[in-house]
Every structure is written in structure tokens, then in C-alpha cells.
Number of protein chains: 2
Amino acid sequence: MNAMASAPTAAEAASAEAACGLLIMRLARASGRRLAASLESLGMTGHEFAVLHLLHDSGPLSQQQLSQGLRIHPSNLVGLLDALEADGLLARTRDPADRRRHIVAVTPAGLERLATAQRAAIEAERELLAPLSAKERGELLSYLRRMAASSCGMRGCAPKC
Amino acid sequence: MNAMASAPTAAEAASAEAACGLLIMRLARASGRRLAASLESLGMTGHEFAVLHLLHDSGPLSQQQLSQGLRIHPSNLVGLLDALEADGLLARTRDPADRRRHIVAVTPAGLERLATAQRAAIEAERELLAPLSAKERGELLSYLRRMAASSCGMRGCAPKC
DNA sequence: TCAAAACTATTGGTGAGTATAACGATTTGG
DNA sequence: CCAAATCGTTATACTCACCAATAGTTTTGA
């Protein structure tokens, strides 16, 4: 089937190894669909959920910090925050220390919506993680966290990742 | 900080659990960037690589089979195959049994390019998997495969996934 | 002190990627 | 033989990520 001498072995190895990145990308799309479907009934997008999620974990942040924390381009963040602010889920206030900055903080109403959205997100994730045992889920989470910290973590990422 | 009685516990649980899907989606973007960068020098996109990869694994397929195997919309597959066919990397022939179908098969030139691209993909993936030991990589691959088979596998996916 | 440079958020425009709808060509079933 | 279903194709619209440019603010340096 193949006249080349070196191609077959490389191809076989690649079929086993190089599938990991493609698998992750496929799972991400499937996961994103499910999450979006779960959040749709709440009138919330995945990005909006991620914003509230990070703000709840890290406390009030500037838009720049949000931007690099979520890997969302600053220009896209503007409309995102506009929508959330219009719904009263978060508030933008000028930083008194540096009036160029906006301090973005979740409102009590935003916390309520976040809790509801997190229940929906867990439900969506339950199906994704269904084939794994509790122990395996823990290991998977550990692996993914280490990969994310190394590959696109908050520090030490030489290029723009 | 919080006047609600039920929200805090749900929020804490979600912070631990619901992070998995978001992590996968973030890693997918980082992985996609690296893969695209590695394939760019070959003049190949990630989708084109996935097409050759699947065709090499599964043998000749119809465009519909390719479409649901790769989760690429049929209308988007057309231009993708056009480009690959123009480069002589694959061939479309009418299925004699059903002349509506196109049978898509990789050419020898396509196999060569696939082997080259797979080496590039492995190189791109090396950084992604760097923080994991060999044993952990095997476990991760097993987990991802099972999740993909269950969540967006080739069979038994009730809705359109 | 004051002008120049740097930083923050915002706007508008462009391109890639994805989804929907409609259309010929072909097959299938009544 | 004709209506319905299927496969690939085309055209189109929509979302999202990125780049360049702008206004307001702060910092820097002569």
C-alpha cells in the first residue's frame, strides 16, 4: 500500500500520539454546544458565564485582567460587559487610584444568576464526564489543570500564547 | 457577603466541578493555535489535516461520512475538499453503486503530506503534553477517547450533538 | 512645569469559521 | 411514471477573533 520506507512507522506513531490534540478540540466543541444549550434557557452565553465565573473566583478585576484571564480580546470584552451590565449582573466603576481603569464587580443579582448558571453547567458537564469514574475525573481534572497552567497559564507564557 | 442560604454551597461545588468543561475549551484553543502554527509552514489548515487523518485511518469515505466523522458541516466540507483535491492530495470519484455519492480517497501524494503533517502535529503536541508523564499521557488519552466516544462518538448520539 | 510617551477602554472594520436555505442530480418506493 | 428522499453544491447570513485607530488619563523626562 505504501512505497515509502519511513512514512508508515511515522504514520502509525502519529495515529496514536497526535490524536490527543484533535480529541481535545472535538470534545471542546461538543462541550461548548452542551454548555451553550444549557445556558440558552437562562439567556446567557458561554462567555458571559465565564466572565461571572472568573469574577466570582478572583474578586473585582480590571477589564485588562479579565481579558488576559479569559483569553478574550479586549475589543470583544466591551460588548460582553455591556450586556451583563445592562442586565444588572455586574457593575463598572472607575478606579479612583487610576481613573483609566474600570473595576468590574459582580452584583448580588449577578451572584444569583451565576449560581443558577453553575447548576446548569454542572448538569451539562455530567453527560460529558459520564463514562469516567470519580477517581478518573479527579485525575483528568489534575492533568488538564497542569496542562493549562503550563501551556496557557497566567504566568511564564513567552509569546502571546 | 452573601444573604442567600443555598447559593454558596452550590457555587463552591461548581467552582470545583464545572471547571472541567471550561478547561477543555481553553486547552482546545491553545492546542488549536499551536497546531495551526505548526501546519502553517506546510500550507495546511487544521481541518485539512483532520480530513487526511480520518481518511487514512478509515479508508475511502463519502462526504457525508466525512462530515459526521469530523463534525464539519457538509457545506463547509466542499471548499475544504476542493482545496485538497486541487493540490492533488485526495481524489473524488463518483460511487458507481450510487452516483449521488462522491468517494473521497487519499492519493499517494496525500499520504506523503499527511506523514509530514503528523510529524508537525506531534511536535506541536509535545509542548501541550509536556507537564505529563508517559503513564499520565496514556491515561489522559484513554479518558478523552472514552468521553469522545460517549459524547460525540460515531454511534448512538441521539440529537445532532 | 509642560510636552511627549505609555496605558486603558472603546469603536469600527476585516477575515475566518460555522450554520441555514435553496438548488440540481440521483435514487427509492408506491 | 411520479412523488419523496438523499447527496453534494451554492449562496448567504451570522458570530467571533483580530487589527488599527481614537479619546481620556496617567506617567515620564527634559
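Return yes when B:LEU111 is within 14 Å of chain A (Cβ to nearest Cβ) and assigned to a loop (DSSP other than H, G, I, E, B) and no when it is not.
Spelling it out, it is not the case that B:LEU111 is within 14 Å of chain A (Cβ to nearest Cβ) and assigned to a loop (DSSP other than H, G, I, E, B).
Just need a number here: residues in segment A:86-108 that are under 16 Å from A:HIS47 (Cα atoms) and in a helix (DSSP H, G or I).
So the count comes out to 1.
Let's see how each residue does on (1) at the interface with chain A (Cβ under 9 Å from one of its Cβ atoms); (2) out of contact with any helix residue (DSSP H, G or I) (no Cβ under 9 Å at 6 or more places or on another chain); (3) in a loop (DSSP other than H, G, I, E, B); (4) within 16 Å of DNA strand C (Cβ to nearest atom):
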| position | (1), (2), (3), (4) |
| --- | --- |
| B:SER67 | no, no, no, yes |
| B:LEU84 | no, no, no, yes |
| B:GLU127 | yes, no, no, no |
| B:PRO131 | yes, no, yes, no |
| B:GLU136 | yes, no, no, no |
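Any residue at all in segment B:144-158 that's exposed (fewer than 15 other Cβ atoms within 10 Å of the Cβ), at pLDDT below 95 and facing chain A (nearest Cβ under 7 Å)?
Among the residues of segment B:144-158, not one is exposed (fewer than 15 other Cβ atoms within 10 Å of the Cβ), at pLDDT below 95 and facing chain A (nearest Cβ under 7 Å), which makes the answer no.
Has segment B:18-37 got at least one residue that is among the hydroxyl-bearing types (Ser, Thr, Tyr), within 16 Å of DNA strand D (Cβ to nearest atom) and in contact with a helix residue (DSSP H, G or I) (Cβ under 6 Å, 6 or more places away or on another chain)? Explain how you work it out, then say what you get.
In the first step, residues of segment B:18-37 are kept if they are among the hydroxyl-bearing types (Ser, Thr, Tyr); the result is B:31.
Next, from what is left, pick out any that are within 16 Å of DNA strand D (Cβ to nearest atom): B:31.
Next, only the ones that are in contact with a helix residue (DSSP H, G or I) (Cβ under 6 Å, 6 or more places away or on another chain) stay: B:31.
Yes, segment B:18-37 contains a residue that is among the hydroxyl-bearing types (Ser, Thr, Tyr), within 16 Å of DNA strand D (Cβ to nearest atom) and in contact with a helix residue (DSSP H, G or I) (Cβ under 6 Å, 6 or more places away or on another chain).
Looking at (1) over 26 Å from A:ARG29 (Cα atoms); (2) within 11 Å of chain A (Cβ to nearest Cβ), can you tell me which one B:ALA120 breaks?
Only one criterion in (1) over 26 Å from A:ARG29 (Cα atoms); (2) within 11 Å of chain A (Cβ to nearest Cβ) is unmet by B:ALA120, namely (1).
Which is surrounded by fewer than 16 Cβ atoms within 10 Å (Cβ to Cβ), within 12 Å of DNA strand D (Cβ to nearest atom) and in a helix (DSSP H, G or I), of A:VAL78, A:VAL51? Even if it seems obvious, please write down each step before you answer.
Numbers: A:VAL51 fails: surrounded by fewer than 16 Cβ atoms within 10 Å (Cβ to Cβ).
Result: A:VAL78 is the single residue among A:VAL78, A:VAL51 that is surrounded by fewer than 16 Cβ atoms within 10 Å (Cβ to Cβ), within 12 Å of DNA strand D (Cβ to nearest atom) and in a helix (DSSP H, G or I).
Kindly indicate which of A:ALA83, A:ALA91 is within 11 Å of DNA strand D (Cβ to nearest atom) and over 18 Å from the mean Cα position of the chain (by Cα). Let's see the steps before the verdict.
Values: A:ALA91 fails: within 11 Å of DNA strand D (Cβ to nearest atom).
Of the residues listed, the single one that is within 11 Å of DNA strand D (Cβ to nearest atom) and over 18 Å from the mean Cα position of the chain (by Cα) is A:ALA83.
Scan segment B:37-57 for residues that are in contact with a Leu (Cβ under 9 Å, 6 or more places away or on another chain) and away from DNA strand C (no atom under 13 Å from the Cβ) and report the count.
Total satisfying the criteria: 5.
The values are calculated or read from the model by the stated rules, or taken from the named source; none is laboratory data. Since this is a predicted model, take the numbers as computed values, not measurements. Methodologically, a virtual Cβ is constructed for each residue, glycine included, from the backbone with ideal geometry; neighbour enumeration extends over all protein chains shown.
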